[in-house]
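Please read the structure below before turning to the comments.
The values are calculated or read from the model by the stated rules, or taken from the named source; none is laboratory data. Worth saying up front: this structure is predicted, and the values here are computed from it rather than measured. In this analysis, Cβ positions are derived from the backbone assuming ideal geometry, glycine residues included, and neighbour counts consider all displayed protein chains.
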Amino acid sequence: MATTATAPAYAGAEVHAESGLWSWLTTVDHKRIAALYLGTSLFWFLAGGLEAAIIRLQLALPNGHIVSAEKYNELFTMHGTTMIFLVVMPLSAAFFNLLIPLQIGARDVAFPRLNAFSYWVYLFGSIFMNVSWFVGSAPDGGWFGYTPLTTLAYSKNLNIDFWVLGLQILGVSSLAAGFNFITTIVNMRAPGMYFMRMPIFTWMAFIVQFLIVLAFPVITIALVFLQFDRFFGTTFYEIAQGGDPLLWQHLFWIFGHPEVYILILPAFGLVSEILPTFSRKPLFGYPVMVYSGMLIAFLGFGVWAHHMFAVGMGPIADTVFGVTTMLIAIPTGVKIFNWIFTMWGGVLRFTTAMKFAITLVALFTIGGISGVMHASPPADLQQTDTYFIVAHFHYVLVAGSMMGLFAGVYYYFPKFTGRLLDERLGNWHFWLFFIGVNLTFFPMHFSGLYGMPRRIYRYDAGQGWESFNLMSSIGMAIQIIATLIGFYNFWRSRRNGEIAGNDPWGAPTLEWSIPSPPPDYNFARVPTVTSRYPLWDVKSPALTADIPHSRAGEERVDIDVAGHHAGKVNRAIGNPPGGPVGAGVATFGSPISPVPPRRFPTARELGIPMPNPSIKPLFAALFMTLMLASLIAIHKDKLQLAVVLVVLFAAALTASLYGWLLTPLEDEH
Amino acid sequence: MSTSAVAHAHSHAGHPPTTTGLDHRKIAIWAFIGSECMLFASLISTYLIYKGRSKVGPFPHEYWCQTTNATSLDRIAGCPAGSLFKPILNIPVTSQSTFVLLMSSLAMVLALAAVENKDKPGWAGPGWGGRLLESSKLWLLATAILGAGFLCFQAYEFTSFVHEGLTIKTNLFGSSFFTLTGFHGAHVTVGVLWLLTLLAIDIKRGLGPRDTLLVDISALYWHFVDVVWIAIFTLVYLIR
């Protein structure tokens, strides 16, 4: 198995035909867009973390006086909004962009320019949302924006307008990406890449896109109503006019609960890639993992009102939503057990990625179990609006999603940069983050059960909350140190890390068959896939002996591994060529042997048509953002100005869309 | 060995065929339509939830007396002049606009057929009737004009409702009605612009069978917007 030993190192400078600012502004390459998503979302992770740090500083001791009540409302609102819409979703999108085409054997996404558009809309939307800090009115209605608190009668300034318009802008980004990825996965799979052979991350990404395209229109409409109420005096959320105070809550949570799975399923997908690699075993129960992902998504649309047990919907509604919520624990539990069985009896390697991944399995379970606790309406009535809930959703989102996404960053960093992250720094990052997260969020279970309400900006001494709050704040300090170490690692290793080679981990899926980072066309030759684990078929056939293959295992692979074409290995199951079982195992972990950078053929030399770079998606995104953003002038009683600006930017948007759509994607060939 | 990738690549130059054999845009438009279903489902649900919950009139199907706040399906006797509001919805006029929009879908079907069969002159039969059916420009224009006609009806409808005392601010009915039908009208407007763009391309260089997909996806969008209107017409106008 000498294939990996000769893995050619890939010089970063030669990856892209050109570099420099202009090439980044005009790029339509899914891998560079992935890198843009990664960098931007990690930046906002720091911003959202800073907001959390101020919150914890305020609450560290009773009667904190760091910030005012108003500022505190802005801080927790922007912390939630930032972490959900500007961090976890786009960080997941970084992996969708990088991995979906690589894992299915495609050369790009279906609509490369639309992909760039999605990113630029996200960037401009996130900037718009945060500009609110500098005009002194950041959103302050919670990430859920309950009416009537967010209607004009109770929130007269621009705070909520920034939130409403910002979310509308960001929604466009997610929806455009959703259509793009669905089309990519349905229509761009390499020959033999049947649905039930797709890598599990791509499966989870596929499911998430359906959640996005079906859930986001609902919040779009809920926000339109709120926007119209605030700008044009409609009566959707006006109680005095007969408006239903629960309409917003229903619409928001019909979006909001699927959103929870939009946030966690990508992390589940990453962990399902990482555990098999570092256990040297195929994923336990692959089909069940796929079906349980679908079931989670399907049931996810039928549980929204468990966020509303306290509003008095009556025993029947409460019971139905309680039961459907508990049902979701079944497919989720199936996943937890399948991950454990994947590791069971495996040859475990505790890399940083693996440690983050195992932590998701362990800690998400804690968050999942507290979730089942408040699926029961009577229990929920005790727990709702207390820190117990805060503990619950931070265990699923930080100890779940973020752990999984950090695992993904450590695992896939070579595919972004060609280099490995430093394992020693990674070890510090992991352990400090692990300790910090648990020290921050575990005591919140107790402060919550002792009755500490959410969203209060200060509390009196003598209620039994002091020690728990102090612990949480110390935990936050440890998380900050961990994050700084981790980010220093990211920053340093992107230039100075060890050269990774094609397949540093001995992984089974297609993305590891090509150089790190991949050339702009990804696959010089589109592979033919004959099983779920094409690389293990080549490198360690014994590992995949029990996996279904084409033609009863006769024809195993037809792919290029590290520049070597491995094709038509004819053999029967259970009779692997190339030595005894485990021959492939001997090479894992040791393929990092940098050889002098070698030049790879360009797309033009190979005759592969590539999309042209284009600035038009950026312009379209800019004008669309400005068009929606200028609606804010209406609130300032400058209706004429708003109309002029909206018409102006709408015209500019239309012009740039026409320019975009009437320009062919590629040169004639 | 390393050159084998290159050697193979030459035989695989160009785009690999799509997995389903369909164009990407066809898949994407279906995903988009699925998403749009949820958009209109949210709007229509809100309209239905708020039906009959407005505190003041005017109402869609009932007379309303402003001074007594009484409602009735029949004309209210004894209500002071100037205080009586008629039922807002004008079903005969909207039936006409619905007919216009449905006919635009027929024209759209004919436009697609004309583009698909451009390379088979005489496919639609002999005589001027056949020649008429073969003109993609005619049917694209007809679809756009019928769509624009629907929008004119809507503009007339909105204006007359405002004159009769119902604005988007008046009550829950006004807010949910204008938002729902306004969103639909915005979709029709985008569709008309799309059709006019296709018409411009047809005039400039001529649309032929290789452009079928361009017309096909616009047709899918157009028919979808039409189907949504059938739902709105039934649920908002016809059912009391």
How many residues are charged (D, E, K, R) and within 22 Å of residue B:226 (Cβ to Cβ) when one looks only at the stretch B:137-180? 2
Does residue A:475 satisfy the criteria of being crowded, with 24+ Cβ neighbours inside 10 Å and either touching a residue at least 24 places away in the same chain (Cβ under 8 Å) or in contact with an Asp or Glu (Cβ under 6 Å, 6 or more places away or on another chain) (or both)? no
Only one of (1) more than 7 Å from chain A (Cβ to nearest Cβ); (2) modelled with pLDDT under 95 does not apply to residue B:45, and that is (2)
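Yes or no, residue by residue, for (1) surrounded by fewer than 22 Cβ atoms within 10 Å (Cβ to Cβ); (2) of a type outside the set (Val, Ile, Thr):
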{"site": "A:389", "(1), (2)": "yes, no"}
{"site": "A:392", "(1), (2)": "no, yes"}
{"site": "A:414", "(1), (2)": "no, yes"}
{"site": "A:421", "(1), (2)": "no, yes"}
{"site": "A:427", "(1), (2)": "yes, yes"}
Name, by its number, the condition in (1) of a type in the set (Val, Ile, Thr); (2) without any contact (Cβ under 8 Å) to a residue 40 or more places away in the chain; (3) in contact with an Asp or Glu (Cβ under 9 Å, 6 or more places away or on another chain) that does not hold for residue A:352. (2)
Top-ranked residue in the stretch B:48-62 [being more than 9 Å from every other protein chain (Cβ to nearest Cβ) and out of contact with any strand residue (DSSP E or B) (no Cβ under 8 Å at 6 or more places or on another chain); ranked as farthest from residue B:238 (Cα to Cα)]: B:52
Could you say whether any residue in the stretch A:352-364 is in contact with a Gly (Cβ under 9 Å, 6 or more places away or on another chain), under 30 Å from residue A:148 (Cβ atoms) and assigned by TED's automatic domain parsing to the domain that holds residue A:35? no
When the stretch B:89-143 is checked residue by residue, the ones that are surrounded by 14 or more Cβ atoms within 10 Å (Cβ to Cβ) and in contact with a Phe, Trp or Tyr (Cβ under 6 Å, 6 or more places away or on another chain) are B:89, B:94, B:97, B:98, B:100, B:101, B:107, B:108, B:110, B:111, B:114, B:117
List pairs: first residue in the stretch B:75-98 and closer than 21 Å to residue B:51 by Cα and among the aliphatic types (A, V, I, L, M), second residue modelled with pLDDT under 95 and loosely packed, with under 15 Cβ neighbours inside 10 Å anywhere in the structure, Cβ distance under 7 angstrom, at least six positions apart or on different chains. B:88/B:164
Looking only at the stretch A:230-239, how many residues end up being surrounded by fewer than 24 Cβ atoms within 10 Å (Cβ to Cβ) and more than 8 Å from chain B (Cβ to nearest Cβ)? 4
The stretch A:243-271 residues that are part of a helix (DSSP H, G or I), paired with ones that are of a type in the set (S, T, N, Q) (beta carbon under 6 Å, 6 or more apart): A:248/A:147; A:263/A:401; A:264/A:401; A:266/A:92; A:267/A:401
Hey, does the stretch A:112-127 have a residue that's buried (at least 22 other Cβ atoms within 10 Å of the Cβ), touching a His at 6+ places or on another chain (Cβ under 6 Å) and of a type in the set (Gly, Ala, Ser)? no
Which one is surrounded by the fewest Cβ atoms within 10 Å (Cβ to Cβ), of the residues in the stretch A:275-312 that are without any contact (Cβ under 8 Å) to a residue 40 or more places away in the chain and assigned to a loop (DSSP other than H, G, I, E, B)? A:312
Of the residues that sit in the stretch A:484-507 and are among the polar types (S, T, N, Q) and surrounded by 15 or more Cβ atoms within 10 Å (Cβ to Cβ), which one is farthest from residue A:423 (Cα to Cα)? A:502
Residues of the stretch A:190-228 satisfying the condition of being within 11 Å of another protein chain (Cβ to nearest Cβ), buried (at least 24 other Cβ atoms within 10 Å of the Cβ), closer than 30 Å to residue A:531 by Cα and more than 16 Å from the chain's Cα centre (by Cα): A:193
Among the residues in the stretch A:104-120, are any over 20 Å from residue A:665 (Cβ atoms) and part of a helix (DSSP H, G or I)? no
Please go through the stretch B:3-24 and pick out each residue that is modelled with pLDDT of 80 or more and more than 8 Å from chain A (Cβ to nearest Cβ). B:17, B:21, B:23
